[in-house]
Amino acid sequence: MIVLPPLVWALLALFCPLLAAIFIGLFARYSGRFSSWLSLAAVLTSLGAAITLLRAQLARPERFLEETVRWLPQGGETLAELGIRLDGTSITMLVVVTAVATLVQVFSLEYMQEESSHAFGRYFGYHSLFVFSMNLLVLAPNLLQLFLGWELVGLTSYLLIGFYWRKPSAARAAVKAFWMTKLADMGLVLGLVVLFTHSGGFSWTATLTPEVATWVSGLLFLAVMGKSAQFPLHVWLPDAMEGPTPVSALLHAATMVAAGVYLIVRTFPLFEQAPDTLTVMTYLGAFTALFAAVIAVVQTDIKKVLAYSTCSQLGYMIAALGAGSVMAGYFHLTTHACFKALLFLGAGAVIHAVHSNELSKMGGLSRSMKLTTVTFVIGALALAGVPGLAGFFSKDLILETLYEKRLWVPLGLLLAAAGLTAFYMGRVVLLAFFGEPRSRAAEHAHDGDAAMSAPLIALAVATVGVGYAASRFAALIGASYAFHVGPVGVLGTALGLGGLALAYMVYGSGAVRLESFALLAPVGRLARSGGVDRAWQYGFRRIALGIAAAVGFIDRYVIDGFMNFLGWGTIVLARRLRRLQTGNVSDYVLAVVVGTIALVAWGLYG
Amino acid sequence: MPLTSVLLLSMALFCIGVFGVLSRRNAIGILLGVELMANAVNINLVAFSRFQGGVVGQVFAVFAIALTVAEVVVGLALVILLYRSRKDVRVDEANALSG
Amino acid sequence: MTHWLSLIVAAPAVAALLLIAVPASARLLVRWVSLAGALVSLFGSIEVARQYDTVAGGLQLVESYPVVPSLGIHLTLAVDGWGVSLLLLTGIIIVAGVMATWTLKDREKEFYIFLLVLVAGVFGVFVSQDLFIFFLFYEIAVLPMYLLIGIWGSSQAVTEAGPFRYVWKVLDIGGKQYAAMKLTLMLLVGSAFILAAMFGLYVAAGSSSFDLAHLGSVKYDRTLQLWAFPFLWLGFGSLAGVFPFHTWSPDGHASAPTAVSMLHAGVLMKLGAFGIMRVGMVLLPEGALTWAPLVGGVAVVNIVYGALSAMSQKDLKYIIAYSSVSHMGIVLLGAATLTPNGWNGAVYQMFAHGIMTGLFFALVGLVYERAHTRLIGKMGGFARVMPGVAVFFTLAGLSSLGLPGTAGFVAELLVFLGAYQSAHSWWAIPAILGAFITAVYVLRAVRAIFWGKGPSREFSELSDARGTEWAALWILGLSLIAFGVWPDLILVFIDRTTPDYLLLVLAGGAP
């Protein structure tokens, strides 16, 4: 065991991936293998540092450390600082990020092996950059640095979604993801500016007047809605599934989209001062949870189901934070990172074997892909909230919180979402892994090798175990936790089990036919229609581009037209005036004489 | 002989010159008109010198006559050049500068 | 008395003189002489930055030579913190510009002569402390542009005539002569305004000296301030691309050859903004305070209007040109806020945008040279054959949309802060919206040019950057990142000078 000061460990965790990214970007891109090892070494260093920090922190949970350096000056004084803040909250997130990133990179070694050497290297370069950006965000001592990391993870998300940039749909999805999050980030920029102006700094512990606090927290929440894919800004997340599946596991399920939740956790002192924002968060989060769950039910693409499920679970977290429980929201973030990464990697293993995302091309995979089936089912059960698994504890805590706060409407929405979650996960498991194979590829599918299996096993273990660490987790972030069985927890669990049972009856035994419920048809149609997405597309194509075209026209023909008119008018006038120049000497002399006489007359009588 | 008579003479001379310049189409005629105008000025100079005393005006007139000679040289050179290029010295035909 | 500043100004001019003696057939020598002139200026600028004492601040490295003492005209050179940063910018851009046009094939000798004369003028403006000489250098910087665009520019029927076909034809719109003429005429009209205001100030200050410090020490009466400030704003503003006098910029930048676009959008437009701040605002505080709402309001229009116009363009060079109009709006907005952060941000944005747009135009030149079209609708999938260009283009785009880690972010953040802290907080909102619209059109362009299927067979000559072009791209790209990660490198100079001038304005404008 090497003994180093915590700051050194934190700097190692932060800068090793950056160095790896720079090195890969400059030199190693033409050797894909070498790039991957470099990237893996860096993220392992980060993970080691994070675990060391975690162990130290567990020994003394209340300790925190903050080191900053000046970044921007103002009149010789300091305007903004960058640095590192180590406390329970940041260290926990650091461990989650580096752990999942390590597993995903290991998984990618095999998953991406068919890529060309160049693309393989590029892929790991992006991954290293992502780990750096995420750590920058996590270790931020103030909101400004958090924003720096926030934008940089957005960049890596853009790059990784567009990894298959030759595919037009991937290119569009990448750009769309950047636009949507950037649109929301306007809120964060403005929030930073307002916060700084009224508190003189970028610290999240500032005390603000109620009005300013509402503005700041509202603006921050706007950015969270974009990054954490809350209704109606969620439309980029399903499209982001165009990226490689391990990327979806890391960025678009476990860590980057959870950055929004982390931002609220971090800046909770600001949010606490704004009850109105919290209320909005609760309702919007709960609504998103249910809304996305409904859409997830009708998806035929296994990754899209998981993507909408991510929206839905992020809704849970936001609702919990809105209800005032940092513990519930943050803990759910942690457990969700484990089981959702597991699910995505499992889906990746399936896609790798079947070469298709469509559930209709799968089926019966449990026979040939035993390990993948077992781990995926563990993840699905955890997501469904089956007692004993990680998802159960955190979801139960969220429901309990809302119950205690007597937020009946959001609670109802979340309970309904819980039932639906179990239902759609049951559907995915049954359609993909059980029944008869529905394509030739599905018949010949097989588990991946060690590089793909090991991360699945590790995440499955975490999914089983992490729920029991709730009280230690609570101690780390300075909250308290005690497990107890309440009525709403029982109800939630019952709904989850009921959802699973219903899924079995519909997709397993065939005892129930959904078509027999006439009421469901319009809901299904609505869920399939992608109405929100279409509204955004209409807004962009017709309204935004329309305004731009109008401005372009005005500039070309009105503003510039006026300048051209001046030029044209000058030319036309000159053409007329040139007639005065007859070229005849006598005319000029006459003009001189007349002019002289006029001048003399003016001099004498004027 | 009063000053007025001399001034009237020079005025008449000047007007004839102006008329010549304006009405003549022949370049040489125009040049002659210009000469008349110049000499009208010279008469004025000499006349004022005579009636006010002093010789500055007369000196100036002699100087002006010398200058006029130079001017005629340039003018006639122009006329010759014009004739060489166009075989003609009518100025209303030489309107290449017309806009 | 040190001579660093005269060295910086003289180096390009001397190189231009040397070039006259170099035979046009010695094509490599022509390039090396130009590059040497540019490099001397760049290293001179770095040396000036090194010598500038940020503790003492104020004007340093002063040199003065009498020119017309009877009228109070002296060739006085000195730098403040703003000047240091803009000297560095100009040095970087001219070195990169010479390198990026290494493959020029037509009358290189004359091209480089005009280019170097122009740059000498730009350097001169940033270090002149005498208004007359300032104006002289300003004109030297503006005028060669006419020849550079008119002779070496590119004509392309890029604009649809629409309902005004007749007028379009009369004026030859889209042609390089048209662009050159339009640019020169509009800028000269601006110069006339500057000249009028300049003599107004000179006379009001006792007709004894054009020295900026002397002119600044006089308290002009309110009437003069109220007419002279808008004159200076319009005059310098026409060069800075102030709406609605920006329309020379898209046509001019689109027609200009690569190095000229780089220099013009990268540095010359900053002369305008620098003039507004250094001459207009500092000399006429009361005028500045009175007119600030208008200046800021128009700047906000610039930001959003320029960005929207860029979004509607189909021609790559026009997109970048309009983005300059939009980004110059951020500079002007920062100036109009009259706050420390806003002013720091304005000068920093001059620097950041200069580098960024220099990189953009260098890349656009590369792409155009190889693809022979500027219409992005025809491009696609270029990243496969020019990955390096794609990376640098993305980098420039990210800086223009204000991504942290690039110089653009620091500048925009400071201006947004200043805008919100100013008397007109709402300015911050459209300014931030402008940054978002930038993200829309920049990423759209990146996708359309470099991503997707392709390139189609008609693009047979595509290739990545070569030789000195790489050097140009690396210099600019690394600068963008370096000054984004460590803004104090430049900001320390800017921040030293801003409070001095701002205090003058706020104190002088107080009733």
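Annotations
- The residue list C:476, C:491, C:504 contains one member that is within 23 Å of residue A:70 (Cα to Cα) and either away from chain A (no Cβ under 11 Å) or at pLDDT 90 or above (or both), which is C:491.
Per-residue answers, yes or no, for (1) part of a helix (DSSP H, G or I); (2) touching a Lys or Arg at 6+ places or on another chain (Cβ under 6 Å); (3) modelled with pLDDT of 90 or more; (4) farther than 17 Å from residue C:102 by Cα:
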residue: C:14; (1), (2), (3), (4): yes, no, yes, yes
residue: C:18; (1), (2), (3), (4): yes, no, yes, yes
residue: C:28; (1), (2), (3), (4): yes, no, no, no
residue: C:34; (1), (2), (3), (4): yes, no, yes, no
residue: C:48; (1), (2), (3), (4): yes, no, yes, yes
residue: C:54; (1), (2), (3), (4): no, yes, no, yes
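- Any chance residue C:481 is in a helix (DSSP H, G or I) and within 20 Å of residue C:84 (Cβ to Cβ): no
- Looking across region C:335-346 at every residue that is within 13 Å of chain A (Cβ to nearest Cβ) and either in a helix (DSSP H, G or I) or within 15 Å of the chain's Cα centre (by Cα) (or both), the one that is surrounded by the fewest Cβ atoms within 10 Å (Cβ to Cβ) is identified as C:340.
- Screening residue C:401 with (1) of a type in the set (A, V, I, L, M); (2) within 13 Å of another protein chain (Cβ to nearest Cβ); (3) surrounded by fewer than 23 Cβ atoms within 10 Å (Cβ to Cβ) gives one miss only, at (3).
- Of all the numbered requirements in (1) within 14 Å of another protein chain (Cβ to nearest Cβ); (2) assigned to a helix (DSSP H, G or I), residue C:269 misses one, and that requirement is (1).
- Residue within region A:120-143 that is assigned to a helix (DSSP H, G or I), over 21 Å from residue A:23 (Cβ atoms) and away from every other protein chain (no Cβ under 11 Å) present: yes
- Out of A:567, A:561, A:606, A:552, one residue alone is over 30 Å from residue A:292 (Cβ atoms) and exposed (fewer than 11 other Cβ atoms within 10 Å of the Cβ). It is A:606.
- For region C:362-377, the criterion of being touching a residue at least 40 places away in the same chain (Cβ under 8 Å), part of a loop (DSSP other than H, G, I, E, B) and of a type in the set (A, V, I, L, M, F, W, C) is met by no residue.
- Summed over region C:420-436, residues that are in contact (Cβ under 8 Å) with a residue 24 or more places away in the chain, in a helix (DSSP H, G or I), more than 8 Å from chain A (Cβ to nearest Cβ) and of a type outside the set (Gly, Ala, Ser) total 2.
- Elements of type helices (runs of 4 or more DSSP H) in region A:481-588, at least 3 residues being over 21 Å from residue A:415 (Cβ atoms) and more than 14 Å from chain C (Cβ to nearest Cβ): A:520-529, A:531-538
- Any hit, region C:236-256, residues being modelled with pLDDT under 90 and of a type in the set (A, V, I, L, M): yes
- Condition check for residue C:395: at pLDDT 90 or above and within 12 Å of chain A (Cβ to nearest Cβ): yes
- Candidate set from region C:24-56 (those that are among the hydrophobic types (A, V, I, L, M, F, W, C) and touching a residue at least 60 places away in the same chain (Cβ under 8 Å)); member that is surrounded by the most Cβ atoms within 10 Å (Cβ to Cβ): C:38
- Looking across A:442, A:454, A:450, A:380, one residue alone is crowded, with 17+ Cβ neighbours inside 10 Å and either within 22 Å of residue A:340 (Cα to Cα) or not assigned by TED's automatic domain parsing to the domain that holds residue A:342 (or both). It is A:380.
- Number of the condition not met by residue C:445 [criteria: (1) closer than 30 Å to residue C:375 by Cβ; (2) more than 10 Å from every other protein chain (Cβ to nearest Cβ); (3) within 22 Å of the chain's Cα centre (by Cα)]: (3)
- The residues of region A:190-230 that are under 18 Å from residue A:265 (Cα atoms) and among the charged types (D, E, K, R) amount to a single one, A:227.
- Considered as a group, the residues in region B:85-99 that are over 20 Å from residue A:578 (Cβ atoms) and assigned to a loop (DSSP other than H, G, I, E, B) include one that is farthest from the other protein chains (Cβ to nearest Cβ), and that residue is B:87.
- Here the condition is being in contact (Cβ under 8 Å) with a residue 40 or more places away in the chain, surrounded by fewer than 22 Cβ atoms within 10 Å (Cβ to Cβ), over 18 Å from residue A:133 (Cβ atoms) and within 14 Å of chain C (Cβ to nearest Cβ); of A:81, A:110, it holds for A:81 alone.
For (1) over 26 Å from the mean Cα position of the chain (by Cα); (2) of a type in the set (A, V, I, L, M, F, W, C), each residue gets a yes or a no:
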residue	(1), (2)
C:18	yes, yes
C:26	yes, yes
C:29	yes, yes
C:56	yes, yes
C:59	no, yes
C:70	yes, no
C:80	no, no
C:93	no, yes
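- Region A:160-187, residues that are over 18 Å from residue C:440 (Cα atoms) and in a helix (DSSP H, G or I): A:160
- Residue C:127 vs. criteria closer than 16 Å to residue C:45 by Cβ, among the β-branched types (Val, Ile, Thr) and in contact with a Lys or Arg (Cβ under 9 Å, 6 or more places away or on another chain): no
- Residue list for region A:427-458, restricted to those being over 25 Å from residue A:295 (Cα atoms) and in contact with a Leu (Cβ under 7 Å, 6 or more places away or on another chain): A:442, A:445, A:447, A:451, A:453, A:455, A:456, A:458
The values are calculated or read from the model by the stated rules, or taken from the named source; none is laboratory data. This structure is a prediction, so every number in the text was calculated from the model and none was measured. Backbone-built Cβ (ideal geometry, glycine too); neighbour counts: all protein chains shown.
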